[in-house]
1. For region 15-47, enumerate the residues that are of a type in the set (A, V, I, L, M) and at pLDDT below 95.
2. Cβ-Cβ under 6 Å, sequence separation 6+ or interchain: first residue in region 73-92 and farther than 30 Å from Ile120 by Cα and assigned to a helix (DSSP H, G or I), partner of a type in the set (Ser, Thr, Tyr) and at pLDDT 95 or above. Which pairs?
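The values are calculated or read from the model by the stated rules, or taken from the named source; none is laboratory data. Please read these numbers as outputs of a predicted model, since none were measured by experiment. Backbone-built Cβ (ideal geometry, glycine too); neighbour counts: all protein chains shown.
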Amino acid sequence: MAHYIGLDIGSGSARACLIDEKGDILSVAVKDIKTWHEKADYYVFMPLVSRANYQEQSTEDIWSACCHVTKKVIEDAGVDPKSVKGIGFDATCSLAVLDGNEKPVSVSGPDFQDPNRNIILWSDV
């Protein structure tokens, strides 16, 4: 039997759902994504109203969460990984910042030293 995985990467977590070819849900998994919510007064390019909603995340942390939930739904359902015939992704709107060599670039001012914090996330929360 064929299986399929849906991945939803939201503002606060990565979620996966494994279904069979009939559409029956066999397992689900969730893993939180680290988010930094620091005061962003040094971001002068942003309108004052949006600064309260400014957040940062890490592409590596998000990818790790995606891998974790994908493996977990397969293990929890007890299916052969080779039976997974497709994976669909859905993600929030974020801006990942990379250099010309596709390496993470820090968006975390004012010193911009932490390359793990390379996503600008808008959140209405």
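1. Ile33, Ala40, Val44, Met46
2. Pairs that qualify, where the first residue is farther than 30 Å from Ile120 by Cα and assigned to a helix (DSSP H, G or I) and the partner is of a type in the set (Ser, Thr, Tyr) and at pLDDT 95 or above, are Asp76/Ser27; Ala77/Ser27.
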